[in-house]
Amino acid sequence: MKIIAFHSYKGGTGKTHLSANLATILARKGYKTVILDLDFRGPNLQTLCAIDGNITTINDLLFDPDLTGQDILVSFEDKFKIPLYAAFASTDFRKMGDIVRADKKQRQRSLKRILRLRDELSEAGFDFAIIDTSPGVQMESIDGLVISDVTCLVLKADDFDITGTKSMVTQLYSLLDSKNYVVLNRVVAETCPPEHGEWSPSDLKLVESFENKINEEMRMKVITSIPCFCEVAREGSRNIFSQIHPDHPFSAHIEKLADRILEGL
Ligand SMILES: Nc1ncnc2c1ncn2[C@@H]1O[C@H](COP(=O)(O)OP(=O)(O)OP(=O)(O)O)[C@@H](O)[C@H]1O
Ligand SMILES: [Mg+2]
């Protein structure tokens, strides 16, 4: 099983959307895929997957040694007809607080349980686990990065804070064993949204200059640049966009991201 994490320095860059859409595209290709919500601080994957109700979450798994991976998996096989699963973070304020207040012992226990979950998922025949994280250097996000084979650092190209991101990359990413890429998301070019999802020649120059800047400043490869699509923003966080609109150019961009990650593995 390969693990791909989405992370960022700042919030709101598109990690949750990219995680869920990449997982959907991989499952559509036939890979048994699970999305793991490690964004314990501000989880919204449940909304994106239209889950509401009493589910057992990763939070429960971290605090209850009797629970296993099977207890927290939610299957979308019947709903979407693809081998897609998810394990969610709790939206219960009390349980979110337990994570924030966890002492050193509990944090060590949590890491052990995340490692055990990885092994259980691997034994259950999953091909991919896609991890959604909290922005910045929260312990649980670092746990997610540490177990990943591929890390996608998501930057919003219009207002990226290259200084903060750069220091995180220098100090944290350099310690990771994973392949680390940058995904530029919500790129606003002159023709917005781009016609048929393709950059015009002048916009392509603009995007390439963004990519080169990141490459030079952070010494990280930009694996892909995804335009800002009004339709994606308009739908907000109510659904997995590429599941509802498989023929939209946004879905084609996620497909490109999937193919490039697969090529690099
Ligand atoms: N390519 C895109 N084009 C337009 N809107 C986008 C695109 N990608 C994401 N968005 C929008 O950006 C907003 C933030 O996305 P998302 O919640 O995935 O970010 P996040 O990084 O997970 O945020 P947080 O750090 O708060 O968890 C959402 O409203 C989403 O619809
Ligand atoms: Mg998110």
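Data table
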item	result
Enumeration of residues in the stretch 219-265 that are away from ligand 2 (no atom under 16 Å from the Cβ) and of a type in the set (Phe, Trp, Tyr)	PHE229, PHE250
Condition broken by SER167, with the remaining ones in (1) assigned to a helix (DSSP H, G or I); (2) surrounded by fewer than 21 Cβ atoms within 10 Å (Cβ to Cβ); (3) within 18 Å of the chain's Cα centre (by Cα); (4) of a type in the set (Gly, Ala, Ser) satisfied	(3)
Lone qualifier among SER178, SER141 - being crowded, with 19+ Cβ neighbours inside 10 Å and farther than 18 Å from HIS253 by Cα	SER141
Among (1) among the hydrophobic types (A, V, I, L, M, F, W, C); (2) more than 16 Å from ligand 1 (Cβ to nearest atom); (3) part of a loop (DSSP other than H, G, I, E, B), the one test that ILE51 misses	(2)
Sole exception among (1) away from ligand 1 (no atom under 14 Å from the Cβ); (2) over 20 Å from THR91 (Cα atoms); (3) crowded, with 24+ Cβ neighbours inside 10 Å for ASP66, by number	(3)
Check on ARG186, touching a strand residue (DSSP E or B) at 6+ places or on another chain (Cβ under 6 Å), surrounded by fewer than 16 Cβ atoms within 10 Å (Cβ to Cβ) and not small (Gly, Ala, Ser)	no
Residues satisfying the stated conditions in the stretch 99-138, i.e. assigned to a helix (DSSP H, G or I), within 16 Å of ligand 1 (Cβ to nearest atom) and exposed (fewer than 15 other Cβ atoms within 10 Å of the Cβ)	VAL100
Residue check, SER237 within 11 Å of ligand 1 (Cβ to nearest atom), part of a loop (DSSP other than H, G, I, E, B) and either under 28 Å from MET168 (Cβ atoms) or hydroxyl-bearing (Ser, Thr, Tyr) (or both)	yes
Out of GLY42, GLY30, sole residue that is assigned to a loop (DSSP other than H, G, I, E, B), farther than 23 Å from ILE82 by Cα, in contact (Cβ under 8 Å) with a residue 24 or more places away in the chain and of a type outside the set (Lys, Arg)	GLY42
Test result for THR56, of a type in the set (S, T, N, Q) and under 14 Å from ILE130 (Cβ atoms)	no
Answer residue from the stretch 1-27, given it is surrounded by fewer than 24 Cβ atoms within 10 Å (Cβ to Cβ) and assigned to a strand (DSSP E or B) and is farthest from ligand 2 (Cβ to nearest atom) among those	LYS2
The stretch 94-138: number of residues that are modelled with pLDDT under 95 and more than 16 Å from the chain's Cα centre (by Cα)	1
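The values are calculated or read from the model by the stated rules, or taken from the named source; none is laboratory data. Computed from a predicted structure; not experimentally measured. A quick note on method: Cβ atoms are made from the backbone with ideal geometry, for glycine too, and the neighbour counts reach across all protein chains shown.
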